[in-house]
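The values are calculated or read from the model by the stated rules, or taken from the named source; none is laboratory data. Being a predicted model, the structure only gives us computed values, none of them experimental. Counting neighbours? That spans all protein chains shown, and the Cβs are built from the backbone with ideal geometry, glycine included.
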Amino acid sequence: MSAPKGKSDSARAIGLEVSLAIAEAVKLAEAEVVAAYPITPQTHIVEHLSELVANGELTAEYVPVESEQSAMSACIGAAAAGARTFTSTSSQGLLLMAEMLYIASILRLPIVMAMVNRAISGPINIWNDHSDAMSVRDCGWIQVFAETGQEAVDLTIMSFRIAEDPGVLLPLIVNLDGFTLSHFIEPVILPEAAEVRRFLPPYETAHKLDIQNPLSLGALGGPEIYTEARRALDLALTGAKPRIQRVFDDFAKVFGRQYKLVETYRTEGAETILVTMGSISETAMTAVDEMREAGQKVGLVRLRLWRPFPVEEFRAAVAGAKNLAVIDRAMILGFPEGPVATEIRALLYHEKNRPHMTNFILGLGGRDVPRSHFKHIVERVRELGASGRQGRYELVGVLE
């Protein structure tokens, strides 16, 4: 994220827990239905939303359901009836609602969900990694990753406009790291409500459940139509990419903060590029600064958009690099690379001058990721690049 010169927000930054800031963003977006079930570490989001509804600050239907599957089922019904709809979950809760995620996307319902990323059990673990997000990477939802509290607020507001765009009409997940981001108090600018209303118009759709104008949603798709339906969803998801960037650009014009599908940091002339997602990117940027000051040609590429994957933008971001260090915060059990690295290697496979790529897995289950980890990674990349060796992932920060 960057702020264009000469632009400033009319609102003042306040110190706020990021989870509460996301709830305030949902209020600013004037969500009409919130279906909620608590699970650590996302509970503070829906708790605060319940308070906002109870005290009249948000005019919405708050539906306290009996499970995460029920939460997504309620969201599907509400969105199908034409309501602006929001929910939130983490980890095992996501797994319980996974059945309904695939229904929401094929029905083209613009539900927005904050996913406060937490490790999948077991062993039981409530801390952060990306194993929950990776478990549903093919569910047909648009997925973005936030690095800071401000980004989580901005992406939440933008997500409603992206999802509800008549040329998109797809559900959207805002990923943010559990505890290391969700529970931190950060300076956050909450936009003025009037500005948000100008940026985000009321949700209107011609395709909704209406007893006066009956239509069918979720009809049976037999062998003669199933392939075509899945292909149509894939085309819709892929086709959403330019519209996502257009919303990012419109947001920058109104609020002065610019987002890109793929964001770079000090990649000019970089021989080795780190690839990250989520809040560890800030730590990685600090490590890059220190390595640059020491004369090392190192840069950073951060994936803001995860689905649809920003193919052309990523290729352009890493062009010219000799070495690529792809950081995963999840494992593919029984396979020699993590999910992000697997996709990037496949993407670059036919490139004539593709960089030497190494996969590093770190920060699982909330394990700390200090700057020294990234410095170690860059050193290992140089060693492996010189040897020409290609192997399985390397774990960083493991117990000896």
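Some notes on this structure:
- Residues (surrounded by fewer than 24 Cβ atoms within 10 Å (Cβ to Cβ) and β-branched (Val, Ile, Thr)) located in region 129-156: 136, 148
- Residue match in region 165-180 (condition: surrounded by fewer than 16 Cβ atoms within 10 Å (Cβ to Cβ) and part of a helix (DSSP H, G or I)): no
- Just so you know, in region 91-107 the residues that are more than 21 Å from residue 160 (Cβ to Cβ) and in contact with an Asp or Glu (Cβ under 7 Å, 6 or more places away or on another chain) include one that is surrounded by the fewest Cβ atoms within 10 Å (Cβ to Cβ), and it is 96.
- Number of residues in region 356-371 that are touching a residue at least 60 places away in the same chain (Cβ under 8 Å) and hydroxyl-bearing (Ser, Thr, Tyr): the value is 0.
- Flag for residue 32 being surrounded by 19 or more Cβ atoms within 10 Å (Cβ to Cβ), in the same structural domain as residue 214 (by TED's automatic domain parsing) and in contact with a Lys or Arg (Cβ under 7 Å, 6 or more places away or on another chain): yes
- If you go through region 235-250 and keep only what is under 21 Å from residue 139 (Cα atoms) and touching a residue at least 60 places away in the same chain (Cβ under 8 Å), you end up with 236, 237, 238, 239, 240, 241, 243, 244.
- Of residues in region 37-65 being of a type in the set (Gly, Ala, Ser) and touching a residue at least 12 places away in the same chain (Cβ under 8 Å), the one surrounded by the fewest Cβ atoms within 10 Å (Cβ to Cβ): 50
- Residues that are among the charged types (D, E, K, R), in a helix (DSSP H, G or I) and over 28 Å from residue 309 (Cβ atoms) are absent from region 129-139.
- Region 330-355 residues that are closer than 21 Å to residue 271 by Cα, paired with ones that are among the acidic types (Asp, Glu) (beta carbon under 6 Å, 6 or more apart): 340/328; 341/328
- Meets criteria (without any contact (Cβ under 8 Å) to a residue 12 or more places away in the chain and either touching a strand residue (DSSP E or B) at 6+ places or on another chain (Cβ under 8 Å) or more than 30 Å from residue 163 (Cβ to Cβ) (or both)) for residue 379: yes
- Residue count for region 177-207 satisfying the condition of being of a type in the set (Gly, Ala, Ser) and more than 20 Å from the chain's Cα centre (by Cα): 3.
- Note on region 290-397: enclosed strands (runs of 3 or more DSSP E) holding 1 or more residues that are charged (D, E, K, R) and in contact with a Pro (Cβ under 8 Å, 6 or more places away or on another chain) are 323-328.
- Members of region 323-343 that are of a type in the set (Val, Ile, Thr), farther than 16 Å from residue 278 by Cα and crowded, with 21+ Cβ neighbours inside 10 Å: none
- The set of residues in region 294-322 being of a type in the set (A, V, I, L, M, F, W, C), buried (at least 17 other Cβ atoms within 10 Å of the Cβ) and within 21 Å of the chain's Cα centre (by Cα) consists of 300, 301, 303, 305, 306, 309, 314, 317, 318.
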